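Notes follow the structure.
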Amino acid sequence: MSWIAIGALALVGIAIPLAMMAVSALLRPAVPEQSKSTTYESGEIPTGSGHVQLNIQYYMVALLFVVFDIETVMIFPWAVMYRSALEAGTPLSQALLPMLIFVGILVVGLVWAWRIGAVEWTTSLRAATQKTERQNT
Amino acid sequence: MVPVEYYLLLSSGLFCIGLFGILTRRNALYFLMSVELMLNAANINLVAFSFYWGNLTGQTFALFAIALAAAEVAVGIGIILALYRNFGDVDVMQAATMRW
Amino acid sequence: MSLLQIEPTSWLFALSSLGPTVVLVLSALAVLAIDSLSPDARSNTRLAATAAAGTLIALGITVWYLLAGTGQPATGGAISLFSGAIVVDGMGLFFTAIFTSVAALVVVASYDYLEDDANPAAFYSLLLFATTAMSLMAVANSLATVFISLEMASLPSYALVAYLKTNRGSVEAGLKYFLIGAVSAAVFAFGISLVYAATGSLLLPDIATAIGDVTDLAGILGVGILMVAGGFLFKTASVPFHFWAPEAYEGAPAPVSAFLSSASKAAGFAVAFRVFAEAFMPALDVAVDWGLLFGILAVVTMVLGNFAAATQTNVKRMLAYSSIGHAGYALIGLAAVTAGAGANNATVMGAAMAHLLVYGFMNTGAFLFIAMIERWGVGRTFEDYAGIGRKAPMASMAMAVFMFSLAGLPLFGGFFSKYFLFLGAINAGFWWLAAVGAVTSALSLYYYSRVVKALWLEEPTGNLDALDSKPTGLYAAVIVAGVITVLLLPGFGPVIETAEAAAAAVFA
């Protein structure tokens, strides 16, 4: 029975904004003007295109984020049951050691990626010249 | 309680949407998203039937499936980046120097 | 054996039972650690030596366990670890021996291939991680571990195929391998979820018992089994999921092609044998007759692979199609185990396992010979190979051995493995599979002998001066593979006995 109330609420919730938009569309005068259709930039006049090509190195950041994100997925269930497992008498070698091995493997990988320069923000020649140009103007 | 057949319907629908995306899209990034849909269809089944059977096997496996899906995307994006550098496009049909 | 005196639930026991896997993962991490310590003074030799030592130690431990009877009926049967998710038995060890020996050959051969490479540590560690995952695939006893290890083996493989980042062929091959691999992984995962839906378990023995009680969800179970089969067909490059194989093998660096077409294929069969023999046997009557499906696919795979190989002009592509054909031969082993005739099942499956072992050596050797040709920069077609036998007699002799052995001539190891496989299929009542296999083998002799003819009988067409350089690692790997292929003819008895005993233990 409680579902009926929720359904009614949803119907009313959809109907109110629809009705408001319909009423205002009937009442308002139509004055087409170019400045109305431009992007709102807090009063500034918009310049350039909205399609900006981002630096490809942001992908590297995204990849690293994914790696750590997934690490949390694996650690989270372990963290939830860690205390109760210890209280139930599970030895540390079975409760803590596997997670240490897991994190240890990830650390080896991360250290290696760091040492070969995968996480460094390389400044290409083009980016460097653009930077100096901007400073000069 | 929602009957268990509904979960099967939902997951099959999701799986078919993903399959449709793979068959129709030529952009490699859309392809990756479609594969994610298909994997998540499997996850829905696993979690729903984990509840139905009353054991946690399905839920645990779903966690691993999520992790593997993310790892797959990481490798995939790496390959797509290399594709873009070599062919100047992320259209999967562009790369056809060898015949099928 | 000291190994069995340790308390069977302790961590040490689990680690020592999984000895080969542990050694492989440690050596992969060691490669990364060595490279992290000295990224500026990078030494290809040191990294290759670490990787080769890792694979050889793992191979040594595997052979030792096989001989000592670890996990086999002689010492108390299969060792079950982690609540039954992993089972170390003779079959797992047998397949691990294949993976580690192929990996060792490929590592040694890659040493020359990566001489000018900027970052060899990535290559070796990816290779070792893939081998680790394959050794887990061989012992996986739950659909969860099967899926995880299969993906763990696939992900480094994608990166390895696309390893030459600036080579368009390599990147294209990697992309196609990845796209089809990702789809088949999704299909595989969905299949597993459907099997779980119908049976409520992921452990293979539990699935087998639960299948009997499946009533209204039998259709779901059937679809699930078909989807799981699709995942295996991708991994083993069988019809209808074969079309990535020619592209990936042709575009990938040749050592990687060798690794994928031998070890990765064997790993796919390792899980397929275990999953279908242990879990899905009762489903034959309830849900879907997968035996007939694999029989038909075996025929189509053998015919398609061998006929397509006969029309190729590029030698590497020809080998790629021939490797599809060989997947068809191994599929006979999977189809014929459904005959239900007790001991015959183990005989057929054991013969397929032995064939995969012999195939591992001869096919790896053949692809490594291609790697040597690629390094010399001679060319890719049959015409370019003309007259190489005069300049490089040792390697060309080894290549002739691989070719005749792949065709199944009764001089080399490849003869007995095919013979036992076809004989087993006939005894199990699948004479039509054996007939197609024999006919396609005869056809394969045509295109394999073209390579030998070009190498030895034809006059050189181009300039062969590049052949004066002798890449040591590649030479050593090719010669070792050739010697083992020859030695497997007299030494086939112990191999087939081990394989059949391991297969019998799975059915017991």
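No value in this document is a laboratory result; all are computed from the given coordinates. Please read these numbers as outputs of a predicted model, since none were measured by experiment. Every residue, glycine among them, receives a Cβ derived from its backbone with ideal geometry; neighbour counts consider all protein chains shown.
To the nearest 10 degrees, how steeply does helix C:44-68 sit against the main Cα axis of chain C, on a 0 to 90 scale?
Its long axis makes an angle of about 40 degrees.
In chain C, with Lys and Arg counted as +1 and Asp and Glu as -1 at Cβ, which of these residues, C:I484, C:P282, C:G212, has the Cα nearest the positive end of the dipole, that is, farthest along it?
Positive-end residue among those listed: C:I484.
What does the charge dipole of the range C:319-454 about its Cα centre add up to, to the nearest 20 debye, if the Cβ of each Lys and Arg holds +1 and the Cβ of each Asp and Glu holds -1? Numbers along the way, then the final one.
Values: 7 positive and 3 negative charges, 54 e Å.
Computed charge dipole of the range C:319-454: roughly 260 debye.
Tell me, what ³J(HN,Hα) does each residue in the range C:235-246 have, in order and in whole Hz, if you take phi through Karplus 6.51 cos²θ - 1.76 cosθ + 1.60 with θ = phi - 60° and put x for Gly and Pro?
So the Karplus estimates, Gly and Pro as x, are 5, 8, 6, 9, 4, x, 10, 9, 6, 6, 4, x Hz.
With a sphere of radius 13 Å drawn around the Cβ of C:V451, what net charge do the other residues whose Cβ falls strictly inside it have (Lys, Arg +1; Asp, Glu -1)? Present the calculation step by step, with values, prior to reporting the outcome.
On the way: positive: C:K316, C:R317, C:R380, C:R450, C:K453; negative: C:E383, C:D384, C:E458.
In short, +2.
Which FRET efficiency, nearest 0.05, do B:D89 and C:S10 yield, Cβ-Cβ r, R0 41 Å?
0.15
Peptide C:144-156: average number of partner chain Cβ atoms within 10 Å per residue? Please list the in-between numbers first.
Details: counts 7, 2, 0, 5, 5, 0, 1, 7, 2, 0, 3, 6, 1.
For this peptide, the per-residue mean of nearby foreign Cβ atoms is 3.
Sort C:M394, C:M281, C:M91 by Cβ crowding within 10 Å, fewest neighbours at the top. Present the calculation step by step, with values, prior to reporting the outcome.
On the way: C:M394 13, C:M281 18, C:M91 29.
Listing C:M394, C:M281, C:M91 from fewest to most nearby Cβ atoms yields C:M394, C:M281, C:M91.
Once you have the Cα-Cα distance between C:E459 and C:V63, take 0.36 nm times their residue separation minus that, and quote the gain in nm to one decimal. Don't skip to the answer; put the middle values down first.
On the way: separation 396, 0.36 × 396 = 142.56 nm, distance 4.45 nm.
That works out to 138.1 nm of additional length.
Quick check: net charge around B:N86, other residues with Cβ under 13 Å of its Cβ, Lys/Arg +1 and Asp/Glu -1?
Numbers: positive: B:R85, C:K165, C:R168; negative: B:D89, B:D91, C:E172.
Every neighbour counted, the sum reads 0.
With 10 angstrom as the radius, rank A:M20, C:M362 by how many other C-beta atoms surround their C-beta, starting from the fewest. Don't jump to the answer; show the numbers that get you there.
Numbers: A:M20 10, C:M362 28.
Fewest-to-most Cβ neighbours within 10 Å comes out as A:M20, C:M362.
Would you please give the FRET efficiency between C:Y446 and C:L487, computed as 1/(1 + (r/R0)^6) with r the Cβ-Cβ distance and R0 = 25 Å, to the nearest 0.05? Present the calculation step by step, with values, prior to reporting the outcome.
Values: r = 27 Å, r/R0 = 1.08.
About 0.40, to the nearest 0.05.
Please report the net charge: other residues with Cβ closer than 11 Å to the Cβ of C:P460, K and R +1, D and E -1.
Numbers: positive: C:R390, C:K391; negative: C:E383, C:D384, C:E458, C:E459, C:D465.
Local charge sum for C:P460: -3.
Name the residue from B:A28, B:V47, B:A74 whose Cα lies farthest towards the positive end of the charge dipole of chain B, charges +1 on Cβ of Lys and Arg and -1 on Cβ of Asp and Glu.
B:A28
With +1 on each Lys and Arg Cβ and -1 on each Asp and Glu Cβ, how big is the dipole of the protein assembly as shown about its Cα centre, in debye rounded to the nearest 20?
So the dipole magnitude of the protein assembly as shown works out to roughly 960 debye.
So what J values fall out for the range C:442-459 if you push phi through Karplus, 6.51 cos²θ - 1.76 cosθ + 1.60 with θ = phi - 60°, rounded to Hz, Gly and Pro as x?
Per residue, the Karplus-derived 3J(HN,Hα) values read 4, 5, 5, 4, 4, 7, 5, 6, 4, 4, 4, 4, 4, 5, 9, 9, 8, 6 Hz.
Kindly count the pairs of lysines across the protein assembly as shown whose alpha carbons are less than 24 Å apart, treating pairs on different chains or eight or more residues apart as eligible.
So the count of such lysine pairs works out to 19.
Given the -39500 (n - 2.57) contribution per DSSP H run of 4+ residues, what per-residue ellipticity at 222 nm results for chain C, rounded to the nearest 500 deg cm²/dmol? Before the final figure, lay out the partial values.
On the way: 22 runs with 369 residues, N = 508.
Computed mean residue ellipticity for chain C: -24500 deg cm²/dmol.
Under 5 Å between amide hydrogens, which residues at least 5 positions from C:I86 or on another chain qualify, with H placed 1.01 Å from N in the peptide plane?
Amide H neighbours of C:I86: C:L81, C:N141.
Rounded to the nearest 0.05, what FRET efficiency do C:S43 and C:K470 have when you use their Cβ-Cβ distance and R0 = 25 Å? Mind dumping the intermediate values first?
Values: r = 21 Å, r/R0 = 0.85.
It comes to 0.70.
With a ≥ b ≥ c taken as the square roots of the eigenvalues of the C-alpha gyration tensor of the range B:4-87, please select rounded if a/c is under 1.5 and otherwise prolate if a/b is larger than b/c or oblate if it is not?
Working: a/c = 7.08, a/b = 1.82, b/c = 3.89.
Since a/c reaches 1.5 but b/c is at least a/b, the shape of the range B:4-87 is classed as oblate.
Pairing the Cα long axis of helix C:315-336 with the longest principal axis of chain C, what angle in degrees results, from 0 to 90 and rounded to the nearest 10?
Rounded to the nearest ten degrees, it is 20.
Step through the residues of the range C:346-356 one at a time and calculate ³J(HN,Hα) from phi using the Karplus curve (6.51 cos²θ - 1.76 cosθ + 1.60, θ = phi - 60°), rounding each to whole Hz and writing x for Gly and Pro.
Each residue of the range C:346-356 in turn: 5, 4, 5, 5, x, 5, 5, 5, 5, 4, 5 Hz.
Answer with one residue from A:I70, A:M20, C:S184: the one whose Cα lies farthest towards the positive end of the charge dipole of the protein assembly as shown, charges on Cβ with Lys, Arg +1 and Asp, Glu -1.
Towards the positive end, the residue furthest out is C:S184.
What is the average number of partner chain Cβ atoms found within 10 Å of a Cβ in C:121-127?
Counting Cβ atoms of other protein chains within 10 Å of each residue's Cβ and averaging gives 1.
Compute the distance from the alpha-carbon center of the range C:438-473 to that of the range C:85-119, in whole Å.
Between the Cα centre of the range C:438-473 and that of the range C:85-119, the gap is 26 Å.
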